[in-house]
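The values are calculated or read from the model by the stated rules, or taken from the named source; none is laboratory data. Quick caveat, the model's predicted, so the values are computed rather than measured. Quick reminder, even Gly has a Cβ in these numbers, built from the backbone with ideal geometry, and neighbours come from all protein chains shown.
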Amino acid sequence: MASDQTPARLTSYAHGGGCACKIPPGALESVVAGLVGAPVRDPAAELIVGLDDGDDAAAVRIAAGQAVISTADFFTPVVDDPYDWGRIAAANALSDVYAMGGTPIVAINLLCWPMDVLPYEMAGEVLRGAQDVAGSAGCHVAGGHSVDDPEPKYGMAVTGIADPDRLLRNDAGRAGVPLSLTKPLGIGVLNSRHKNTGAVSEEAIATMTRLNDVAARDALAAGIVCATDVTGFGLLGHLFKMARASGVSAVIDSTAVPYLDGARQALADGFVSGGTRRNLDWVRPHLASDAGEDELLLLADAQTSGGLLVAGEVPGAPVIGELVPAAGATVTVR
């Protein structure tokens, strides 16, 4: 039974926040390296996108010219309001399907909850927030799985559908194509400030709860074939993965990258997560830049439920750089 005492702030129960608590990208790649290309006996369907390039979700070709998109995403509290945390976590999980050019059709809940510490009513608010966002996306929520855990965590496993010949993939980038970003950066530093001070950025919450459905539809309508979403590995990390998988290099115009209000001040005040610093350390050996360290930290800022990074022009989204022929540095920041 949960405690009758008023719980402390929700984010105080988490050692990290949101997608900033991901396993570092370099370490994660080493963990799964031996799993790439593992044999499957008599596969029931054709795997189109798997572990090879660390794309946003798996894609399997099935009958009737369709692909099934499958993904899972969960994390520790990123805000103190449980309803908003549920909304953010759902939008973040659904984003993996949109980033592949798919449509989410059903999701199941993944809930870890400290039963004797936090009230069940709070868990109910998390689930309600997630269901509201999934419902707005036309995606059913049908059950899930829960465990007693000292640290609260929540997310979703999501199944979607897509045209297997019109996927958005992170390995389909080509030199000469512009790069668009559909949401501003700065979510990570603002969430770190919230965790440490309680200061709420309504703009950050609105950004994290906004779905990437329109951006994905616009990208597909424009004939775009390459995209990824910007989450825990930051813009630099996800761009590096895209460029590496596509066999090209990338150039970023740092003056064209949009940021949320207050992000630069939050950085100046020292609210930088360990995940953000690990992102920059991972990309740095493959990076050429004239920008200062603060600018690079913002570009590596670990986002939660960020926007799409699209190899192509998307209506209303700023162009922040381009893909270029492979050169010495995989990513250049100017």
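Of the residues making up the stretch 294-313, those that are crowded, with 24+ Cβ neighbours inside 10 Å and part of a loop (DSSP other than H, G, I, E, B) are 300, 301, 302, 303, 304, 305, 306, 307. Can you find a residue that is closer than 20 Å to residue 221 by Cα and touching a residue at least 60 places away in the same chain (Cβ under 8 Å) anywhere in the stretch 71-91? No, the stretch 71-91 contains no residue that is closer than 20 Å to residue 221 by Cα and touching a residue at least 60 places away in the same chain (Cβ under 8 Å).
Scanning the stretch 196-209 for residues that are surrounded by fewer than 18 Cβ atoms within 10 Å (Cβ to Cβ) and either at negative phi or within 18 Å of the chain's Cα centre (by Cα) (or both) yields 196, 197, 199, 200, 202, 203, 206. Report, by residue number, each residue of the stretch 126-146 that is surrounded by 15 or more Cβ atoms within 10 Å (Cβ to Cβ), of a type in the set (A, V, I, L, M) and not in a helix (DSSP H, G or I). Across the stretch 126-146, the qualifying residues are 137, 141. Of the residues making up the stretch 192-223, those that are in contact with a helix residue (DSSP H, G or I) (Cβ under 8 Å, 6 or more places away or on another chain), closer than 25 Å to residue 160 by Cβ and basic (Lys, Arg) number 1. Residue 62 fulfils the conditions (1) over 25 Å from residue 173 (Cβ atoms); (2) among the β-branched types (Val, Ile, Thr); (3) surrounded by fewer than 24 Cβ atoms within 10 Å (Cβ to Cβ); (4) at pLDDT 95 or above except for a single criterion, (4).
Out of 116, 42, 80, one residue alone is at pLDDT below 90, outside the structural domain of residue 276 (by TED's automatic domain parsing) and in a loop (DSSP other than H, G, I, E, B). It is 42. Checking residue 283 against (1) without any contact (Cβ under 8 Å) to a residue 60 or more places away in the chain; (2) surrounded by 20 or more Cβ atoms within 10 Å (Cβ to Cβ); (3) in contact with a Lys or Arg (Cβ under 7 Å, 6 or more places away or on another chain), which test does it fail? Every listed condition holds for residue 283 apart from (3).
Working only within the stretch 163-215, note down all residues that are hydrophobic (A, V, I, L, M, F, W, C) and either assigned to a loop (DSSP other than H, G, I, E, B) or touching a Ser or Thr at 6+ places or on another chain (Cβ under 7 Å) (or both). Residues satisfying the conditions are 167, 168, 172, 175, 177, 187, 190, 199, 200, 208, 211, 215. With respect to the conditions (1) within 17 Å of the chain's Cα centre (by Cα); (2) at pLDDT 95 or above, residue 295 lacks only one, and its number is (1). Apart from one condition, residue 218 fits all of (1) modelled with pLDDT of 95 or more; (2) part of a loop (DSSP other than H, G, I, E, B); the exception is (2). Scanning for something more than 30 Å from residue 221 (Cβ to Cβ), modelled with pLDDT under 95 and outside the structural domain of residue 204 (by TED's automatic domain parsing), does the stretch 104-111 turn up at least one residue? No, the stretch 104-111 contains no residue that is more than 30 Å from residue 221 (Cβ to Cβ), modelled with pLDDT under 95 and outside the structural domain of residue 204 (by TED's automatic domain parsing).
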